[in-house]
1. Pairs, please: C-beta under 9 Å, at least 6 apart or cross-chain, first residue without any contact (Cβ under 8 Å) to a residue 60 or more places away in the chain and buried (at least 24 other Cβ atoms within 10 Å of the Cβ) and in the stretch 491-509, second assigned to a strand (DSSP E or B) and basic (Lys, Arg)?
2. Just give me the residues in the stretch 620-638 being out of contact with any Phe, Trp or Tyr (no Cβ under 9 Å at 6 or more places or on another chain), closer than 16 Å to Lys575 by Cα and open to solvent by less than 20 Å² (accessible area, probe 1.4 Å), in sequence order.
3. Checking Arg128 against (1) more than 22 Å from the chain's Cα centre (by Cα); (2) of a type outside the set (Phe, Trp, Tyr); (3) closer than 30 Å to Arg510 by Cβ, which single condition isn't satisfied?
4. Answer yes or no as to whether Gly414 is crowded, with 21+ Cβ neighbours inside 10 Å and part of a loop (DSSP other than H, G, I, E, B).
5. Please go through (1) farther than 24 Å from Ser153 by Cα; (2) in contact with a helix residue (DSSP H, G or I) (Cβ under 8 Å, 6 or more places away or on another chain); (3) at pLDDT 95 or above for Phe474 and return the number of the only condition it doesn't satisfy.
6. Specify the residue that is surrounded by the fewest Cβ atoms within 10 Å (Cβ to Cβ); the eligible residues are those in the stretch 275-306 that are of a type in the set (Val, Ile, Thr) and over 20 Å from Arg211 (Cα atoms).
7. Ala517 passes all but one of (1) assigned to a strand (DSSP E or B); (2) within 18 Å of Phe130 (Cα to Cα); which number fails?
8. Determine which single condition Ala76 fails, assuming it passes every other condition in (1) free of Cβ contacts under 8 Å to residues at least 24 places away in the same chain; (2) more than 26 Å from the chain's Cα centre (by Cα).
Amino acid sequence: MSKVQSIKSLIIFACMVLVVSGSQAIIAQNGAKPELPAGMKGANVNDPRAKLKPGLFDAGEAAVGIKHISLLKKPAAFELGIDPEAPKVGTALKALGVPDMSMVPVAMRLSFAGLAFANSDLAFQGDRLFLGNFYGVNIYDISNPADTKLLTSMVCPGGQGDVSVHKNLMFMSVEMPNGRLDCGEQGFPATGAPGGNGPPAANKDRFRGVRIFDISDITSPKQVGAVQTCRGSHTHTLVVDPKDKDNVYIYVSGTSFVRPGEELEGCSGGPPDKDPNTALFRIEVIKVPLKAPQNSKVVSSPRIFGDPATGAINALNDGGSHESKGRPQETNQCHDITVYSEIGLAAGACAGNGILLDIKDPANPKRVEAVNDPNYAYWHSAMFSNDGKKVVFTDEWGGGMGPRCRESDPDKWGANALFHLNGTDLEFKSYYKLPAAQSATENCVAHNGSLIPVPGRDIKVQSWYQGGISLMEFTDTANPTEIGYFDRGPINDKMLVMGGSWSAYWYNGRIYSSEIARGLDIFELTPTEFLTQNEIDAAKTVKYAQFNVQNQERIVWPRSVVVAKAFVDQLERSKAISTEQIAGLREALGSAEASKLDKKSKSRLKGFASSLGKVKGADEVNSARIRELVAILKNPVM
């Protein structure tokens with residue numbers, strides 16, 4: 001085998017073991033510059049974010065409506081650096097199954113090796129932030145966001161390390177073949193690679209699945225459960241059944257290769273026509289007894305891609321049209337599932353399809369809808385609007401390791417797709433993509449985000465890897481717009497180094513971003529023409545005791561004066577009521593606030609409620625805002 005062939009085989013193997021969907025993008029990016037399809041445009045090269053200065057910790061920055069409060073660099077054990085010749089790069093590649101770093105081209109080493117130490121998803125509980133990493137987890141005290149402190153740093157490799165929390169338990173996804181049951185750092189001998197195309201040799205010490213830790217002592221998490229699955233756990237979703245206080249459920253999405261039966265009994269990755277027990281074309285459901293997490297186990301493996309009428313277990317379509325330019329995927333896996341238990345539905349982003357699941361019986365989810373999109377390569381994640389009437393899907397075209405936000409990249413590829421949800425029917429409305437052009441050394445594509453709880457509006461904060469963070473308003477799903485952003489220049493302008501924002505979530509008044517290479521970023525919103533201070537203050541009235549973004553909970557705002565002020569600002573912006581009414585409402589709300597809602601001021605607010613109730617001609621969105629405002633004015637609280 002020639003050296004070129006060896007490298008190719010090694011890369012193929014690395015793409016498999018690294019398990020980050022779309023690693024092939026690294027190869028694709030070295031190809032010819034793509035031509036824009038008819039009717040599409042590329043990103044804006046005149047945007048202030050397009051040509052920022054490169055650097056790891058001294059890159060140029062640009063922001064609108066977002067203020068950077070702090071960056072907490074990774075603990076030393078999780079730091080890789082930016083020298084592709086550094087010994088730690090070789091160590092990282094060995095842990096991933098690559099025996100000799102000289103077999104990986106220099107320009108590609110930091111992209112692959114960086115995954116061994118990449119920050120991943122976030123979870124929150126009280127004043128604690130849990131930051132997953134391919135190498136373990138770090139837990140922070142965020143009681144004072146401006147003075148955030150590291151509480152616990154736990155090394156436990158296995159990637160991608162997505163975390164969720166519930167009461168005294170922390171759950172962690174493990175998918176990569178270097179994960180060990182004992183959390184050891186040594187990984188396994190690189191048998192099976194390079195040159196081989198199969199999975200690594202079976203080893204009973206390997207762990208791929210969901211780890212369960214008791215975090216009663218936050219400084220010393222104790223592994224109390226470890227549920228093995230055939231494909232491991234790329235991501236997982238915590239599901240809380242309102243009718244079941246004794247258990248929680250974990251939906252496991254495995255996207256990697258199927259391990260051999262010699263390693264875990266019953267595992268098979270054969271094609272469904274030859275092996276009806278294949279571990280492909282399904283998800284796993286783990287039931288966790290809260291008082292005995294050591295007894296957690298897989299209780300079902302639903303065939304959510306099947307056709308009950310025919311018995312076919314691979315009934316959905318392959319997705320995408322990015323032939324030779326991306327990564328169309330067979331629908332044999334879900335990448336990410338977001339549940340909204342209150343409406344009994346889950347939205348699954350599942351390789352070639354976006355799907356809806358009925359989760360009223362959480363142990364046995366059933367598919368009720370599936371959509372495809374010719375402009376999608378890889379359905380990655382999903383999010384409901386707060387009223388449960390809209391769904392935002394993301395397309396991780398290229399898997400997150402490629403530059404997909406260049407001027408030459410179509411604006412409908414690697415974007416969000418917005419749908420209306422009518423019952424269980426998904427109706428496509430529009431796309432949204434980060435508008436600013438990024439360089440060829442910045443991995444950039446749609447990734448994880450959450451709602452910002454501004455009443456009366458649908459706003460999502462979202463990560464775009466090295467494209468930074470973008471605030472998307474989708475109140476009008478046919479016309480989503482950007483209302484704010486934060487971005488840095490590339491880590492390196494000569495080669496692509498894996499980095500950028502993995503997840504950006506709003507939690508109790510701040511935006512927290514898991515920066516893959518740099519650490520933990522903390523932001524706050526600042527007022528602009530697109531978002532007022534009253535709207536920001538209204539968002540801050542929403543407080544979560546616990547936040548796992550894939551387990552979406554309905555946001556409820558207090559009937560407070562500041563929320564009323566936010567609605568007044570929106571009605572002014574949309575010109576839904578007269579300037580005289582706006583001025584009168586503001587004066588009355590200001591007086592009510594100053595008097596701490598004395599009897600006179602409350603009576604006056606009720607008068608405005610009565611007059612607003614007679615407003616005619618407002619559109620659907622503003623009519624809803626007026627109704628909410630009237631409800632507050634009738635019975636306000638401080």
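The values are calculated or read from the model by the stated rules, or taken from the named source; none is laboratory data. Quantities reported herein were computed from a predicted structural model and do not represent experimental measurements. Because the Cβ atoms are built from the backbone with ideal geometry, glycine has one as well, and the counts that use them run over all protein chains shown. Side chains are part of the model used for accessible areas, which takes the heavy atoms of the whole protein and leaves out ligands, DNA and RNA. Shrake-Rupley method; radii C 1.70, N 1.55, O 1.52, S 1.80 Å.
1. Gly500/Arg488
2. Within the stretch 620-638, Asn622 is the sole residue that qualifies.
3. Condition (1) is where Arg128 drops out.
4. Numbers: crowded, with 21+ Cβ neighbours inside 10 Å: yes; part of a loop (DSSP other than H, G, I, E, B): yes.
For Gly414, the condition - crowded, with 21+ Cβ neighbours inside 10 Å and part of a loop (DSSP other than H, G, I, E, B) - is met.
5. Going through the list (1) farther than 24 Å from Ser153 by Cα; (2) in contact with a helix residue (DSSP H, G or I) (Cβ under 8 Å, 6 or more places away or on another chain); (3) at pLDDT 95 or above, Phe474 breaks only (2).
6. Step one: filter the stretch 275-306 for residues of a type in the set (Val, Ile, Thr), giving 278, 283, 285-286, 288, 298-299, 304.
Cutting the leftovers down to over 20 Å from Arg211 (Cα atoms) gives us 278, 304.
Numbers: Thr278: 20, Ile304: 24.
That would be Thr278.
7. Against the list (1) assigned to a strand (DSSP E or B); (2) within 18 Å of Phe130 (Cα to Cα), Ala517 comes up short only on (1).
8. (2)
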